[in-house]
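To keep things clear, I will list the structure first and then write my remarks on it.
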Amino acid sequence: MLKLHGVAVSNYYSMVKLALLEKGIDFEEVRTPPSQEPEFLQMSPLGKIPCIETPNGFLSESVAIIEYLEDLDPEPPLYPLDAFESGKVRQLVQLLVLYVEMPVRRLLNHVFFGGDLADYTRQEVQEALDRSLPALQRAAKFSPYVTGGTFTAADIVCYYTGILVTMMTEKVYGTDRMLEVEGYSDWLAVMRQRPKVQEVDTCMHETMKTFFDNKS
């Protein structure tokens, strides 16, 4: 059985967990925080979460894990069989991870841990979203899913990227910048109806509540 290492407060952990659940793959969750300890660095070279433990060894990086799960068990598919359509899913995943999620990650220390937030960082993140959110609008369909009529890996990545963007931008800028993307709200409602999404969200929200309660 696969083992998923990480903590449920992580949006990347939740991406992998949802992929496992949607594909119906049996797995065990192992609560493992990020670490620079030598033992964990053998499991995850950068010491980040999540990582999965397979019969052949450990694998880290969420998108790589999701693609591994697709190769391991192609049904139900998270990537289309058509090469071009599969490429479009991967394009959206890259857009979301590199240009939407990564910039707002710079706000995490301030929102989660009360760290200082420089004015230039606040401005640079805004400017990054000014470019990436219109790009997402151009690349996505949201009809009803991100790439069209079928649930794919792009929906998984978009959902948990959007959660982070909403949390960060509401706290720092006083507005949910994901709502600037036309069709996002309707798509979000569709996603929240999926039973496996509800299952992951319940765990994520409970873990998040405990995290913030322990800080106060």
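The values are calculated or read from the model by the stated rules, or taken from the named source; none is laboratory data. Remember, predicted model here, so these are calculated numbers, not experimental data. Positions of Cβ are backbone-derived with ideal geometry, glycine not excepted, and every protein chain shown enters the neighbour counts.
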message = Condition (residue is surrounded by 17 or more Cβ atoms within 10 Å (Cβ to Cβ), closer than 14 Å to V181 by Cβ and either among the charged types (D, E, K, R) or touching a helix residue (DSSP H, G or I) at 6+ places or on another chain (Cβ under 8 Å) (or both)) applied to the range 73-94: is it met by at least one residue?
response = yes
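Of the residues K48, K3, K17, which is in contact (Cβ under 8 Å) with a residue 12 or more places away in the chain and assigned to a helix (DSSP H, G or I)?
K17
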key: Flag for R105 being of a type in the set (D, E, K, R), farther than 29 Å from D71 by Cβ and not in a loop (DSSP other than H, G, I, E, B)   = no
request  = Scan the range 159-181 and give yes if some residue there is without any contact (Cβ under 8 Å) to a residue 12 or more places away in the chain and on the phi > 0 side of the Ramachandran plot, otherwise no.
outcome  = yes
request  = Check Y145 against each of (1) within 30 Å of R31 (Cβ to Cβ); (2) hydroxyl-bearing (S, T, Y); (3) within 19 Å of the chain's Cα centre (by Cα) and name the one condition it does not meet.
outcome  = (1)
message = Restricting to the range 148-157, and then to whatever is touching a strand residue (DSSP E or B) at 6+ places or on another chain (Cβ under 9 Å) and surrounded by 23 or more Cβ atoms within 10 Å (Cβ to Cβ), can you tell me which residue is farthest from G183 (Cα to Cα)?
response = T152
key: Every pair of residues 6+ apart whose Cβ atoms lie under 8 Å, when the first sits in the range 22-42 and is more than 19 Å from R194 (Cβ to Cβ) while the second is assigned to a strand (DSSP E or B) and basic (K, R)   = E28/K3; E29/K3; V30/K3
message = I need a count of the residues in the range 35-72 that are loosely packed, with under 15 Cβ neighbours inside 10 Å, within 21 Å of the chain's Cα centre (by Cα) and aliphatic (A, V, I, L, M).
response = 3
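Let me confirm something: among V165, V111, which residue is closer than 26 Å to L78 by Cα and not assigned by TED's automatic domain parsing to the domain that holds D26?
Working: V111 fails: closer than 26 Å to L78 by Cα.
Result of the check over V165, V111: V165.
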